[in-house]
Amino acid sequence: MVRWGKRVSGMTSTDAVSDVRYCARHPKIETGLACGRCETPICPRCTVFTDVGARCPDCAPARKLPQFELGPLIAGRAALAAVASGGLIGAAWGLILPGGFGFFMIFLGIGIGYGVAETISWATNRKLGPFIQALAGFGVVLAYLTRNVLAGYELIPANDFGGVIAVLAGIVAAINRLRY
């Protein structure tokens, strides 16, 4: 019989049938892999790779990855970074380029989104997750509102199509920058 690429002498073809192991969670999948702790047969879909080897989902530590662990201090820093970067970028936008320049507002929005997201990422030590993404979107909207106030517009002008496009492009860029 051939087992894991080597020929094992002394076994017959009937012994080979009894030597087949199936995954404990997926009984139709043959496997030669077992948990390093409890010896439960596991398939590649069930395998959780840890620092000490392959484990079954029951034996693997149920811990989040560090970049997704978000405590109250980090959340506060993320919120502060979103407000600060959104306010500063919006102020620069309102003072330097209040009117915009048509189609190229998309690129301005992408730059604003990237700037807000990068500031939040730096302030949180590269943390990721939906809460961080939502704060980045909020920072982009805050930049737009700050620009409108400093440029002397209404808070949300009715005919500011370029600004709305810039905000949407900025939100998409910020969320994609902080995607996991």
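The values are calculated or read from the model by the stated rules, or taken from the named source; none is laboratory data. Fair warning: this is a prediction, and the values are worked out from it, not measured in the lab. Every residue, glycine among them, receives a Cβ derived from its backbone with ideal geometry; neighbour counts consider all protein chains shown. Surface areas here come from the heavy atoms of the whole protein model, side chains and all, with no ligands, DNA or RNA. Shrake-Rupley method; radii C 1.70, N 1.55, O 1.52, S 1.80 Å.
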Got a sec? Which of Leu88, Leu95 is of a type in the set (A, V, I, L, M), open to solvent by 40 Å² or more (accessible area, probe 1.4 Å), part of a helix (DSSP H, G or I) and modelled with pLDDT under 95? Leu95
Near pairs, Cβ below 8 angstrom, 6+ apart or cross-chain, from region 122-134 (farther than 11 Å from Gly76 by Cα) to any residue that is at pLDDT below 95 and open to solvent by 100 Å² or more (accessible area, probe 1.4 Å): Leu128/Arg179; Leu128/Tyr180; Gly129/Tyr180; Gln133/Arg179
Would you check which residues across region 145-180 are buried (at least 16 other Cβ atoms within 10 Å of the Cβ) and not in a helix (DSSP H, G or I) and list them? Tyr153, Asp160, Leu178
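Give region 68-80 a look and list any residue that's within 17 Å of the chain's Cα centre (by Cα) and open to solvent by 40 Å² or more (accessible area, probe 1.4 Å), or say none. Write out each step before concluding.
Of all residues in region 68-80, those within 17 Å of the chain's Cα centre (by Cα) come to 68-71, 74-75, 78.
Phe68, Glu69, Leu70, listed by residue number.
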Taking the conditions exactly as written (open to solvent by 60 Å² or more (accessible area, probe 1.4 Å) and of a type in the set (A, V, I, L, M)), does Leu65 satisfy them or not? yes
If the Cβ limit is 6 Å and pairs must be 6+ apart or interchain, which residue in region 27-55 that is outside any strand (DSSP E or B) pairs with which residue that is of a type in the set (Gly, Ala, Ser) and open to solvent by 50 Å² or more (accessible area, probe 1.4 Å)? Thr40/Ala24
Please verify whether Leu142 is assigned to a helix (DSSP H, G or I) and crowded, with 17+ Cβ neighbours inside 10 Å, treating the condition exactly as stated. yes
Lone unmet requirement of (1) under 30 Å from Thr47 (Cα atoms); (2) at pLDDT 90 or above; (3) open to solvent by less than 50 Å² (accessible area, probe 1.4 Å) for Val116: (1)
Can you confirm whether region 81-99 contains a residue that is more than 15 Å from the chain's Cα centre (by Cα) and under 19 Å from Phe68 (Cβ atoms)? yes
Need the failing condition index for Leu70 against (1) modelled with pLDDT of 85 or more; (2) under 25 Å from Ile175 (Cβ atoms), just the number. (1)
Conditions (1) modelled with pLDDT under 90; (2) open to solvent by less than 100 Å² (accessible area, probe 1.4 Å); (3) not aliphatic (A, V, I, L, M): number failed by Arg37: (2)
